[in-house]
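Notes follow the structure.
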Amino acid sequence: MVAMPKQAEALKEGAAGRQPVSRRSGQPDPFWYTAKTKLLGPPLVNEQLGEQRLSKPLALGVLSPDGISSSAYGTEEILIALLPMAGLAAFTLILPMTVVILLVMIFVVLSYREVVMVYIRPGGSYVVARENFGPRIAQICAVALLIDYVVTVAVQVAAGTAAVSSVIPAIGPYEVEICVVVVLLMCFGNLRGIKEAGKAFAVPTYLFAGSVLLMIAVGLIREILGNLHMVPTTAGTYTIGSGSAGIITFAMIYTLLKAFANGGASLTGIEAVSDAVGAFNPPEGRNARQVLVTEGVILGLLVAGIGWLAHVVHATPYLVGYPTVLSQEANAVFGHAGHFMFFVVQFSTMLILYTGANTSFNGFPFLTSYVAGDSFLPRWLLKRGHRLVFSNAIIVLTVTSVALLIIKKADVNSLVPLYAIGVFTAFTMAGFGMAKYHHTRREQGWRPKFVINFSAGALSLVVVIIFAVVKFTEGAWVVLVLFAILVPALIRLNHEYQDEAEVLDTVTGEQPPPAPHYTRRVVFVLVDSFDLATLAALRYARSLRPTQIRAVHFVIDSVRAELLREKWTRADRGVALDFIDCPDRRLTKAATDLVEREVADAGTHVTVILPRRSYSALLGRLLHDRTGDKIAAAISRIPRSAATIVPYDVPSRVAVLQARHAAAKAAARSERGGTAAAEPVVAEPVIAEPLVTGPVVTQSADPDLAATAHELARESDVAAAHSVPRQPVVATPPGIAAIASVTGRKKVTVEGKVRVVEIRPVEQNSVLAVEINDSTGNLTAMFYGRSHIPGLICGARVRFIGSVGVRGGQPVMINPAYELVSPGEQG
């Protein structure tokens with residue numbers, strides 16, 4: 001398995017000694033953020049993401065657990081394949097099978113010696129494949145490594161738990177549960193930002209290698225002395241066949257290939273050094289090569305020694321997975337199971353297997369970030385989380401590996417068929433990639449390097465083919481199907497990102513394109529109900545200073561529409577409310593039809609304002625749909641149109657109203673009995689109540705709460721609209737014409753409230769445009785050569801006298817006489 005550079009990029013939490021400054025914000029932290037902070041610790045700042053250089057001994061201990069730990073179960077997997085067919089001859093065939101596997105390992109190690117000298121950047125096999133075969137072909141390697149990481153977690157954790165069960169058989173029936181807990185603990189630790197590049201992570205490697213090499217040495221000495229005895233066979237082992245099949249029969253050849261494929265699991269992880277070359281002390285390439293060779297030598301000795309002891313003591317695998325072959329060998333070599341060294345071997349085996357599994361929690365997030373950086377995976381995998389780790393990728397790895405453990409019941413033998421195809425596919429891509437590198441550059445002495453790398457790639461490819469054939473029915477088909485699905489999917493995702501980039505790329509010309517000039521800018525405010533959210537949307541619409549503002553309500557329920565009409569008329573916000581029938585209840589289509597009709601004029605731009613009442617994330621999704629989002633998405637596809645969602649935070653307003661009701665109750669109790677001050681005041685939820693009438697403002701210790709209450713009080717016209725009895729509409733004063741009735745060019749007098757004041761450029765001149773509304777329609781007065789007229793501001797009531805023309809379908813007066821009826825509100 002690969003161990004990507006989280007070993008190299010440790011979080012310098014202690015070194016920097018700096019944590020994010022905690023300051024009181026106007027907005028409280030959400031519940032989930034507070035819970036995450038308590039669970040994972042305070043957030044880390046970007047400056048705390050550092051790099052720790054590794055010495056050769058430390059690098060060997062940190063980067064080798066995954067590779068060296070594979071020796072703990074490789075021999076057992078070979079015997080599982082051989083025993084049913086070869087019988088006792090399996091303990092003899094284990095030796096040549098081990099030699100073949102070691103031969104493949106030698107070529108792989110020699111190939112990766114070239115990789116670490118050429119590619120110092122993190123990424124390993126993926127970078128080799130991308131640089132030599134292109135990013136699309138490299139996705140074969142990416143998928144192989146992604147599968148490899150997931151299966152590595154499952155295999156290593158299952159094997160580590162089996163090592164514990166070999167000492168404490170009582171926990172055997174609970175292996176799945178234990179494995180799941182271990183993976184979840186690893187996930188938690190890595191979300192907190194575990195520093196793998198530390199001395200503590202090197203201890204399991206040296207402890208395991210030392211204890212097992214000691215076991216092998218003591219076993220060889222005892223064999224020479226003649227007092228190393230075979231392990232007695234008991235019930236529960238794999239069936240030992242008669243061994244009557246000839247060595248050259250098809251069944252035996254198939255069995256040998258199957259055993260060779262199983263034994264390939266011993267080689268997983270030996271390439272981890274190549275993925276963290278940049279973490280070594282200078283000279284990085286030479287030091288990495290020495291560590292890689294040292295790891296290969298140690299792994300070779302362990303695989304050879306464990307295989308030899310299995311041959312001597314006849315350690316037989318058990319169907320339940322424990323006691324393991326390694327534990328049986330330790331028991332035979334060191335004597336009674338209570339011997340101290342037996343426990344040391346099993347404890348160190350558990351430690352290194354769990355540490356090897358944790359390697360995936362470092363490699364998987366970095367691999368996904370590289371592939372996402374190349375736009376072949378979703379870009380949210382590039383995001384660092386609360387503790388400067390790739391949290392999303394860690395969670396994905398946890399979910400998939402836990403699911404795999406549960407499905408396969410934490411059985412190592414069931415997981416191995418899913419394992420080696422990914423590993424050896426990466427070996428194949430690295431070998432052939434380096435062969436192409438040397439063949440392309442033809443540097444001095446390139447031919448031997450080409451032969452070594454090509455041979456490593458070819459041998460790895462043979463292993464992949466053998467594994468796919470002999471393990472097809474045991475689970476390899478799943479991996480092949482995943483390759484067939486994921487590789488095209490990643491390439492398709494890349495096409496999607498490229499298409500988006502072509503659309504979103506900035507113009508590269510010398511001059512930027514001219515800003516569009518529209519003769520009319522129309523703003524539609526979609527109104528569902530008359531409340532503070534609608535008023536916030538109207539305020540925003542006015543701030544855009546458009547040519548025309550129209551409020552629109554799509555009528556689905558006529559009774560509800562009539563109530564809205566009454567409330568809107570009472571409030572008199574200076575904007576006419578249009579009611580558009582929507583009998584088929586297709587609000588999105590009704591909105592798009594409205595916009596398309598308006599933008600039929602090429603000189604018109606339309607902005608649609610949608611009030612959004614924001615609720616808590618969970619409750620909001622349960623209680624409210626996302627119609628506004630759907631409408632906005634549809635409108636954004638119409639030329640010369642845009643949609644803007646104006647959020648309005650309902651929960652904070654609900655809290656204010658609850659505080660106001662609580663204060664009102666407390667005041668009422670105090671007035672009645674004078675005893676309410678001694679009683680606790682409980683705020684009752686009032687979400688379903690209408691807003692209270694009048695500008696009632698409570699005194700609050702929380703300045704934010706008080707400010708929000710004042711804001712609510714300023715919008716008392718909403719409360720009035722909801723609660724004041726309907727008043728008759730005031731008749732138009734004598735001599736004043738309703739704007740809707742104005743026709744032709746006759747001289748008339750109109751009166752209304754100013755809703756828009758803006759300066760418009762007209763043929764190297766400027767004109768002050770003042771739009772008024774009298775609840776029947778809108779009229780625009782154009783004052784040429786003027787930029788400001790005292791008193792003509794939004795909200796003022798004004799009377800215009802002049803001739804009326806029509807421009808753009810709207811009535812217009814040019815330089816009319818005017819009379820200020822009532823001033824507007826400044827600011």
Unmet requirement for A642, which otherwise passes all of (1) surrounded by fewer than 20 Cβ atoms within 10 Å (Cβ to Cβ); (2) modelled with pLDDT under 85; (3) not β-branched (V, I, T) = (2)
Scan the range 489-510 for residues that are open to solvent by less than 70 Å² (accessible area, probe 1.4 Å), of a type outside the set (S, T, N, Q) and at pLDDT 70 or above and report the count.
-> 7
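Looking at R113, is it open to solvent by 40 Å² or more (accessible area, probe 1.4 Å), part of a helix (DSSP H, G or I), touching a helix residue (DSSP H, G or I) at 6+ places or on another chain (Cβ under 7 Å) and of a type in the set (D, E, K, R)?
For R113, the condition - open to solvent by 40 Å² or more (accessible area, probe 1.4 Å), part of a helix (DSSP H, G or I), touching a helix residue (DSSP H, G or I) at 6+ places or on another chain (Cβ under 7 Å) and of a type in the set (D, E, K, R) - is met.
For residues that are among the polar types (S, T, N, Q) and touching a Ser or Thr at 6+ places or on another chain (Cβ under 9 Å), tally how many sit in the range 337-387.
As a first pass, look at the range 337-387 and keep what is among the polar types (S, T, N, Q): 346, 348-349, 355, 358-360, 362, 368-369, 375.
If we keep only those that are touching a Ser or Thr at 6+ places or on another chain (Cβ under 9 Å) too, we end up with 346, 348-349, 355, 359-360.
Qualifying residue count for the region: 6.
Taking the residues in the range 758-776 that are modelled with pLDDT of 75 or more and in a strand (DSSP E or B) as candidates, determine which candidate is surrounded by the most Cβ atoms within 10 Å (Cβ to Cβ). Talk me through it step by step, then tell me what you get.
To start, the set of residues in the range 758-776 that are modelled with pLDDT of 75 or more comprises 767-776.
Now drop any that are not in a strand (DSSP E or B), which leaves 767-773.
Working: V767: 19, L768: 19, A769: 18, V770: 25, E771: 23, I772: 27, N773: 20.
Residue satisfying both the conditions and the ranking: I772.
Condition check: in contact (Cβ under 8 Å) with a residue 60 or more places away in the chain, among the polar types (S, T, N, Q) and in contact with a Pro (Cβ under 8 Å, 6 or more places away or on another chain). Does S348 satisfy that?
Numbers: in contact (Cβ under 8 Å) with a residue 60 or more places away in the chain: yes; among the polar types (S, T, N, Q): yes; in contact with a Pro (Cβ under 8 Å, 6 or more places away or on another chain): yes.
Yes.
Filtering the range 185-195 down to residues that are out of contact with any helix residue (DSSP H, G or I) (no Cβ under 6 Å at 6 or more places or on another chain), open to solvent by 40 Å² or more (accessible area, probe 1.4 Å) and part of a helix (DSSP H, G or I), which residue is farthest from F347 (Cα to Cα)? Before you say what the answer is, go through the steps one by one.
Of the residues in the range 185-195, the ones out of contact with any helix residue (DSSP H, G or I) (no Cβ under 6 Å at 6 or more places or on another chain) are 185, 188-189, 193-195.
Pick out the ones that are also open to solvent by 40 Å² or more (accessible area, probe 1.4 Å) and you get 185, 188, 194-195.
With part of a helix (DSSP H, G or I) added as a condition, the list becomes 185, 188.
Working: L185: 18, F188: 23 Å.
Here the answer is F188.
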Sole exception among (1) modelled with pLDDT under 90; (2) in contact with a Gly (Cβ under 9 Å, 6 or more places away or on another chain); (3) among the small types (G, A, S); (4) crowded, with 21+ Cβ neighbours inside 10 Å for S414, by number | (4)
Residue that is nearest to the chain's Cα centre (by Cα) [pool: residues in the range 144-184 that are within 18 Å of F342 (Cβ to Cβ), crowded, with 18+ Cβ neighbours inside 10 Å and among the aliphatic types (A, V, I, L, M)] = A159
Could you list, in sequence order, all residues of the range 437-448 that are in a helix (DSSP H, G or I) and surrounded by fewer than 19 Cβ atoms within 10 Å (Cβ to Cβ)?
-> H439, T440, R441, W446, R447, P448
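Does the range 368-387 contain at least one residue that is more than 15 Å from the chain's Cα centre (by Cα) and surrounded by 20 or more Cβ atoms within 10 Å (Cβ to Cβ)?
Keep residues of the range 368-387 that are more than 15 Å from the chain's Cα centre (by Cα), which gives 374.
From what's left, surrounded by 20 or more Cβ atoms within 10 Å (Cβ to Cβ): none.
No, that holds for no residue.
Yes/no matrix, rows are residues, columns are (1) at pLDDT 80 or above; (2) of a type in the set (F, W, Y); (3) surrounded by fewer than 16 Cβ atoms within 10 Å (Cβ to Cβ):
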residue: R586; (1), (2), (3): yes, no, yes
residue: E598; (1), (2), (3): yes, no, no
residue: P611; (1), (2), (3): yes, no, no
residue: A632; (1), (2), (3): yes, no, no
residue: A659; (1), (2), (3): no, no, no
residue: A664; (1), (2), (3): no, no, yes
Which condition does M252 not pass, out of (1) open to solvent by 30 Å² or more (accessible area, probe 1.4 Å); (2) over 24 Å from Y322 (Cα atoms); (3) of a type outside the set (V, I, T), if it passes all the others?
-> (1)
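Residues to consider are P513, P546; find the one that is under 27 Å from A602 (Cβ atoms), part of a loop (DSSP other than H, G, I, E, B) and at pLDDT 85 or above. Explain how you work it out, then say what you get.
Values: P513 fails: at pLDDT 85 or above.
After applying the criteria, what remains is P546.
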Within the range 323-349, track down each residue that is within 29 Å of L397 (Cβ to Cβ) and open to solvent by 40 Å² or more (accessible area, probe 1.4 Å).
-> F347
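One line per residue, one yes/no per condition, for (1) loosely packed, with under 13 Cβ neighbours inside 10 Å; (2) assigned to a loop (DSSP other than H, G, I, E, B); (3) at pLDDT below 85:
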| position | (1), (2), (3) |
| --- | --- |
| H788 | yes, yes, yes |
| C794 | no, yes, yes |
| V798 | no, no, no |
| S803 | no, no, no |
| P811 | no, no, no |
| Y818 | no, no, no |
| V821 | no, no, no |
| G824 | no, yes, yes |
| G827 | yes, yes, yes |
Here is a list of conditions, (1) open to solvent by 30 Å² or more (accessible area, probe 1.4 Å); (2) in contact (Cβ under 8 Å) with a residue 24 or more places away in the chain; (3) not aliphatic (A, V, I, L, M), and P282 meets all of them except one; can you say which number that is?
-> (2)
List, please: which pairs have Cβ atoms under 7 Å, are six or more places apart or on different chains, and start with a residue in the range 365-394 that is modelled with pLDDT under 80 and end with one that is part of a helix (DSSP H, G or I) and open to solvent by less than 40 Å² (accessible area, probe 1.4 Å)?
-> G385/S391; H386/L40; R387/L40; R387/L191; L388/Q48; V389/N190; V389/L191; V389/P365
From the list L79, L58, L40, L63, pick out the single residue that is at pLDDT 85 or above and closer than 28 Å to I352 by Cβ.
-> L79
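The values are calculated or read from the model by the stated rules, or taken from the named source; none is laboratory data. Given the structure is predicted, the values throughout are model-derived calculations rather than measurements. Every residue, glycine among them, receives a Cβ derived from its backbone with ideal geometry; neighbour counts consider all protein chains shown. Surface areas here come from the heavy atoms of the whole protein model, side chains and all, with no ligands, DNA or RNA. Shrake-Rupley method; radii C 1.70, N 1.55, O 1.52, S 1.80 Å.
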